[in-house]
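Chemist: Take this structure first; my questions come after.
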Amino acid sequence: MQITQNSGTPGAGISVRVRGSSSISANNQPLYVVDGVPLTSGDFSQIDFGGQTANALADLNPNDIESIDVLKDASAAAIYGSRAANGVVIITTKRGAARKTQINFNAYTGIQNMWKEPGFLNADQYRDIMVEAYVNDGYLEPGATFEDFVDFYYGGLDFAPTSTNWIDEVTRTAPIQNYELSFSGGDPKTRYYLSGSYFDQEGIVIGSRYQRYSARLNLDHTASERFTLGTSIQLSRSQSDRIVSDNTLYGPFSNALAASPIWPVYYEDGSYTQPNYFYTNPVAEGTENDNETINLRALANIYAKYTITPGLDWQVRAGIDALDIDERNFTATNYPGSLAAPTEGQAVNATSTVTKRLLETTLNYARTLGDVHQFSGVIGASSEHNTIKANTLTALGFPDERFRYAGSAVKVNLGSNTFVEDLLISAFGRVNYSYQDRYLLGVNFRADGSSRFAQGRRWGYFPSVAAGWRIKEESFLKDFDALSELKLRASYGITGNNAIGNFVYVGLVTADASYSDQPGIALTQLPNPDLKWEETRQLNIGADIGFLSNRINLAVDYYIKQTEDLLFFRPIPTQNGFANYASNIGSVENRGFEIALNSVNIAGTGDGFNWTTDLNLSFNRNEVTELYQGQDIFYGFGANSLVLREGEPIGTFYGFIADGVYSTTDEIPASRQQEGAQAGDVNFRDINGDGLLTDDDLTVIGNAQPDFVGGFTNNFTYKGFDLNVFLQFSYGNQIANPAHQYQQHLGNDFLDDNMLDDVLDRWQQEGNISDSPRATVDDPNDNNRSNSSRSIYDGSYLRFKNVILGYTLPNSLVERLKLRTLRVYAQAQNLFTFTDYPGFDPEVNFAGTSNTTIGVDFYTFPQARTITLGVNIGL
């Protein structure tokens, strides 16, 4: 399982891929199940904040979690059927036990800051390059000064040019804190767990913050020897102060990278400057605009279990996940270049209510015959009803920036009101058999009916079978003491995916008044009554091996995942008024190896030294094996920056191959000279050999899929000390950073953005050897900023993701303090990162959890290094 933190936005979504990406358009996130209830995931925000999605898991208090189990192969996941194509993450929260009440208080506080800042030009370097570009193209005379450039480009400035580090102006050392109190205990009849928590994280970019309040009650009651019932209830409130970021040119972070360093933040009168002709003031973007999102969430379930006869239980569970999202956005106009119309201001209010209701019943049976035959089974049925109600309102015209709510606006400009629902009805069963715990067999089956498909296409059927052989239990190996476990496993199964949205299969119309302002209706979606389930077939073969009384354990798996009938909005000719059409096209394959090794390296007695390690490696190969009529699908930045192509993986980058810079005029082919190429321009590879640079020379220039990913954990304990070091790594993946086309512009296209200091090594005269082109304003066809391999980088990294050093006080001292336990610790996240990637962070996806834009970095909010100090107190 590969987990990627897409950006450093507080509360932002994470990308989780279990054995690669199985789909193109449909959801690729695993199914999260919390205490038996599938969690509503996805981003329901109606206001665009530049790509980063909300994180459903952020509403959970991590200290409430008892365990997390990941179901990867089809035999384990198939019981969840249609939602298991991307794996299943089962989260079990803490519950009470029959014991005296235990009180636990946990708290930590710390700071966050940027762990890396790429080099940008200072004001003097910027001045030299801009003057050079305008002299090279004849806009200024040789020997021109910066003042000459200012007069030509700006028409003069009403302030003295300065030297501003705009990244420092919009970033900060930000605090983070968390407090949590829990009570657990009970008696043989009633057990309880009660907790409350508060979490507060300010972002390292001004204007960003995430706060969460949460409370949980888990209650179990044994009414009689046969009847047990219980409930799990979580209530949470989170508030996000969001900022425009990532895949946008408008926002405090992105604008800070583009702002000219010669401009100050404020004029002498205190008003904001506009340090880039095309954009706004970065500091104003982060301080003057309001972007507030409040989430209220109730996640609850109740269950009852009745033992009919020994070994036969009947259980009923009802659950609900209700999420209310209230968003408020205000765009001020008290600074130059703000997005709203001058002197007006704009406010947007949006509310969304997302509800999931679950009703499930199961019959469980387990029996052992003759101490050698073990049977267990379950049959059940469930229904899941999902609804989404959304409203938006846009208001314009405010007296000034002090009035920020829609009620103060002069007029309401836009509004919307929608309601959608879907239903999933399921029947499922599982049978497991074991003979002497040596031969193992399991069979699963699930049938799902989804309202997201038309009549006759609604039902999907998902079987699986698994077998295991514990060879160690055979007589010929039983006495071989060095080998403590040897088990072979194999499974095959089918899982499904219907996560493409509601009512995609039908033709849709909407009210429309665009024709002479007369009311009417207009078609908004083409129908496809043949749309059906996306299916993933998976084969898994594995082995579990233990040595030296299980001090060394090795698990090895080989898998093949083939997803067919991909749910995809395929492009179509636009003459009919539509750009795409929902259909089942093509297939994707993932195949690979997984290795998990854990060992007890040193096992001390008592308070002696202990050292254990856990290493996991995943080698996954992703390939698009079929597309509609074999046609390439281009998307992304520009016309041809990413491509879906048969035989290539998802996340393939497309463009020109750059072979350095023409050192002298003599190196340039005559045909390229006719196109206007000069010495100092980028030399793009002529793929088809016709001597011209055309679209036929565009080709695959890299991909975001790693050769392997993994994690390495070391745990050390000695007396009261404990140290945990978790390393995360990825190797062989590439990152596309199209923002570097702007950040290395060298005056091109009359841009006045600041630039990376890579351009200091630019070509300046005949004979120079450089990978950075000349400074120029009139680049023919914008070639030096064309989409090419110049903006493709090695994204491999090794990261000290989490390091914790703790000390638990001895019992003799703790008892004097009238405590049960007392532990203090220091923790660091993203402590060190080793990478050749020149951007802010190699762990990136500019569009949140999007599958097709993995490995793309476009002004993405970087992750922070976090250092915290904490305490755990038990009473």
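The values are calculated or read from the model by the stated rules, or taken from the named source; none is laboratory data. These figures come from a predicted structure and were not determined experimentally. Methodologically, a virtual Cβ is constructed for each residue, glycine included, from the backbone with ideal geometry; neighbour enumeration extends over all protein chains shown. When the accessible area is computed, the model is the full protein with side chains, heavy atoms only, and any ligands, DNA or RNA have been set aside. Shrake-Rupley method; radii C 1.70, N 1.55, O 1.52, S 1.80 Å.
Chemist: Looking at the range 572-597, which of its residues are surrounded by fewer than 17 Cβ atoms within 10 Å (Cβ to Cβ) and part of a strand (DSSP E or B)? Walk me through how you get there before you give the answer.
Modeler: To start, the set of residues in the range 572-597 that are surrounded by fewer than 17 Cβ atoms within 10 Å (Cβ to Cβ) comprises 572-580, 593, 595, 597.
Hits for the range 572-597 are 580, 593, 595, 597.
Chemist: Also, I was wondering about something else. Limited to the range 78-89, what total is found for residues that are open to solvent by less than 40 Å² (accessible area, probe 1.4 Å) and modelled with pLDDT of 65 or more?
Modeler: Taking the range 78-89 first, the residues open to solvent by less than 40 Å² (accessible area, probe 1.4 Å) are 78-79, 81-82, 84-89.
After this cut, where a residue has to be modelled with pLDDT of 65 or more as well, the list is 79, 84-89.
Of the residues in the range 78-89, 7 are open to solvent by less than 40 Å² (accessible area, probe 1.4 Å) and modelled with pLDDT of 65 or more.
Chemist: Report, by residue number, each residue of the range 350-378 that is in contact with a Phe, Trp or Tyr (Cβ under 7 Å, 6 or more places away or on another chain), β-branched (Val, Ile, Thr) and either at pLDDT below 90 or open to solvent by 30 Å² or more (accessible area, probe 1.4 Å) (or both).
Modeler: Passing the criteria: only 372.
Chemist: Check whether at least one residue in the range 808-824 is crowded, with 20+ Cβ neighbours inside 10 Å and touching a Phe, Trp or Tyr at 6+ places or on another chain (Cβ under 8 Å), and report yes or no.
Modeler: Looking through the range 808-824, none of the residues is crowded, with 20+ Cβ neighbours inside 10 Å and touching a Phe, Trp or Tyr at 6+ places or on another chain (Cβ under 8 Å).
Chemist: Here's something else I'd like to know. Please specify each residue of the range 273-308 satisfying the condition of being under 25 Å from the mean Cα position of the chain (by Cα) and of a type in the set (S, T, N, Q). Walk me through how you get there before you give the answer.
Modeler: Step one: list which residues in the range 273-308 are under 25 Å from the mean Cα position of the chain (by Cα), which gives 285-286, 290-299.
Scanning the range 273-308 gives 291, 293, 295.
Chemist: Pairs only if they're at least six apart or on different chains, beta carbon under 7 angstrom, first in the range 230-244 and over 17 Å from residue 8 (Cα atoms), second open to solvent by 30 Å² or more (accessible area, probe 1.4 Å) and of a type in the set (Asp, Glu); list them, first residue then second.
Modeler: Listed by first residue and then by second, the contacts come to nothing, as the list is empty.
Chemist: Which condition number in (1) at negative phi; (2) part of a loop (DSSP other than H, G, I, E, B) is the one that residue 619 fails?
Modeler: Unmet condition: (2).
Chemist: Let me ask something additional. Which count do you get for residues in the range 34-54 that are open to solvent by 20 Å² or more (accessible area, probe 1.4 Å), modelled with pLDDT of 65 or more and either among the polar types (S, T, N, Q) or touching a Pro at 6+ places or on another chain (Cβ under 8 Å) (or both)?
Modeler: 3
Chemist: Looking at (1) touching a residue at least 12 places away in the same chain (Cβ under 8 Å); (2) closer than 30 Å to residue 373 by Cβ, which is the only condition residue 480 fails?
Modeler: Result: residue 480 passes all but (1).
Chemist: Among the residues of the range 146-155, how many are surrounded by fewer than 16 Cβ atoms within 10 Å (Cβ to Cβ) and either charged (D, E, K, R) or touching a residue at least 12 places away in the same chain (Cβ under 8 Å) (or both)? Steps first, please.
Modeler: Here is the first cut: in the range 146-155, the residues surrounded by fewer than 16 Cβ atoms within 10 Å (Cβ to Cβ) are 147, 151-152, 154-155.
Pick out the ones that are also either charged (D, E, K, R) or touching a residue at least 12 places away in the same chain (Cβ under 8 Å) (or both) and you get 147, 151-152.
Residues meeting the conditions: 3.
Chemist: Then there's this: Let me confirm something: among 290, 326, which residue is in contact (Cβ under 8 Å) with a residue 40 or more places away in the chain, open to solvent by 30 Å² or more (accessible area, probe 1.4 Å) and not hydrophobic (A, V, I, L, M, F, W, C)? Working first, answer last.
Modeler: Numbers: 326 fails: in contact (Cβ under 8 Å) with a residue 40 or more places away in the chain.
The conditions single out 290.
Chemist: Ok, one more. Which count do you get for residues in the range 164-198 that are of a type in the set (D, E, K, R), touching a strand residue (DSSP E or B) at 6+ places or on another chain (Cβ under 6 Å) and open to solvent by 20 Å² or more (accessible area, probe 1.4 Å)? Lay out the reasoning, then the answer.
Modeler: Filtering the range 164-198 down to residues of a type in the set (D, E, K, R) leaves 168-169, 172, 180, 187, 189, 191.
Next, from what is left, pick out any that are touching a strand residue (DSSP E or B) at 6+ places or on another chain (Cβ under 6 Å): 180, 189, 191.
Those still in the list that are open to solvent by 20 Å² or more (accessible area, probe 1.4 Å) too: 189, 191.
Here the count works out to 2.
Chemist: Determine which single condition residue 480 fails, assuming it passes every other condition in (1) surrounded by fewer than 16 Cβ atoms within 10 Å (Cβ to Cβ); (2) closer than 20 Å to residue 536 by Cβ; (3) aromatic (Phe, Trp, Tyr).
Modeler: (2)
Chemist: Mind listing whichever residues of the range 405-426 are at pLDDT below 85 and in contact with a Gly (Cβ under 8 Å, 6 or more places away or on another chain)?
Modeler: 409, 410, 411
Chemist: Sticking with this structure for a sec: Could you tell me whether residue 239 is farther than 29 Å from residue 150 by Cβ, open to solvent by less than 10 Å² (accessible area, probe 1.4 Å) and not in a loop (DSSP other than H, G, I, E, B)?
Modeler: Details: farther than 29 Å from residue 150 by Cβ: yes; open to solvent by less than 10 Å² (accessible area, probe 1.4 Å): no; not in a loop (DSSP other than H, G, I, E, B): yes.
It is false that residue 239 is farther than 29 Å from residue 150 by Cβ, open to solvent by less than 10 Å² (accessible area, probe 1.4 Å) and not in a loop (DSSP other than H, G, I, E, B).
Chemist: Continuing with this model, one more query. Output the residues belonging to the range 260-287 that are farther than 13 Å from residue 159 by Cβ and open to solvent by 30 Å² or more (accessible area, probe 1.4 Å). Talk me through it step by step, then tell me what you get.
Modeler: Of the residues in the range 260-287, the ones farther than 13 Å from residue 159 by Cβ are 261, 276-287.
Selection gives 277, 278, 287.
Chemist: Can you tell me which residues in the range 117-137 are part of a loop (DSSP other than H, G, I, E, B) and either touching a Lys or Arg at 6+ places or on another chain (Cβ under 9 Å) or open to solvent by less than 20 Å² (accessible area, probe 1.4 Å) (or both)? Reasoning before the result, please.
Modeler: First, the residues of the range 117-137 that are part of a loop (DSSP other than H, G, I, E, B): 117-119, 121-122, 137.
Correct list: 118, 121.
Chemist: For the structure I just gave you, tell me whether residue 712 is within 30 Å of residue 623 (Cβ to Cβ), hydrophobic (A, V, I, L, M, F, W, C) and open to solvent by 60 Å² or more (accessible area, probe 1.4 Å).
Modeler: On the way: within 30 Å of residue 623 (Cβ to Cβ): yes; hydrophobic (A, V, I, L, M, F, W, C): yes; open to solvent by 60 Å² or more (accessible area, probe 1.4 Å): yes.
Against the criterion (within 30 Å of residue 623 (Cβ to Cβ), hydrophobic (A, V, I, L, M, F, W, C) and open to solvent by 60 Å² or more (accessible area, probe 1.4 Å)), residue 712 qualifies.
Yes/no per residue for (1) over 22 Å from residue 120 (Cα atoms); (2) of a type in the set (Lys, Arg); (3) at pLDDT below 90:
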| site | (1), (2), (3) |
| --- | --- |
| 724 | yes, no, no |
| 728 | yes, no, no |
| 735 | no, no, no |
| 757 | no, no, no |
| 764 | no, no, no |
| 773 | no, no, no |
| 784 | no, no, yes |
| 789 | no, no, no |
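Chemist: Next up: Taking only pairs six or more apart or across chains, which ones have beta-carbon atoms under 6 Å, a first residue in the range 125-145 that is in contact (Cβ under 8 Å) with a residue 24 or more places away in the chain and at negative phi, and a second residue that is open to solvent by less than 50 Å² (accessible area, probe 1.4 Å) and assigned to a helix (DSSP H, G or I)?
Modeler: 127/146; 130/149; 134/149
Chemist: So, in the range 412-431, exactly how many residues are open to solvent by less than 90 Å² (accessible area, probe 1.4 Å) and more than 20 Å from residue 330 (Cα to Cα)? Break it down into steps so the answer makes sense when it comes.
Modeler: To start, the set of residues in the range 412-431 that are open to solvent by less than 90 Å² (accessible area, probe 1.4 Å) comprises 413, 415-416, 418, 420-431.
Right, trim to more than 20 Å from residue 330 (Cα to Cα) and you get 418, 420-431.
Selection size over the range 412-431: 13.
Yes/no per residue for (1) open to solvent by less than 10 Å² (accessible area, probe 1.4 Å); (2) among the hydroxyl-bearing types (Ser, Thr, Tyr); (3) farther than 17 Å from residue 677 by Cβ:
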| site | (1), (2), (3) |
| --- | --- |
| 717 | no, yes, yes |
| 720 | no, no, yes |
| 727 | no, no, yes |
| 752 | yes, no, yes |
| 759 | yes, no, yes |
| 763 | no, no, no |
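Let's see how each residue does on (1) closer than 27 Å to residue 43 by Cα; (2) at pLDDT below 80; (3) surrounded by 13 or more Cβ atoms within 10 Å (Cβ to Cβ):
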position: 489; (1), (2), (3): no, no, yes
position: 496; (1), (2), (3): yes, no, yes
position: 507; (1), (2), (3): yes, no, no
position: 510; (1), (2), (3): yes, yes, no
position: 515; (1), (2), (3): no, yes, no
position: 519; (1), (2), (3): no, yes, no
position: 525; (1), (2), (3): yes, no, yes
position: 528; (1), (2), (3): yes, no, yes
position: 532; (1), (2), (3): yes, no, yes
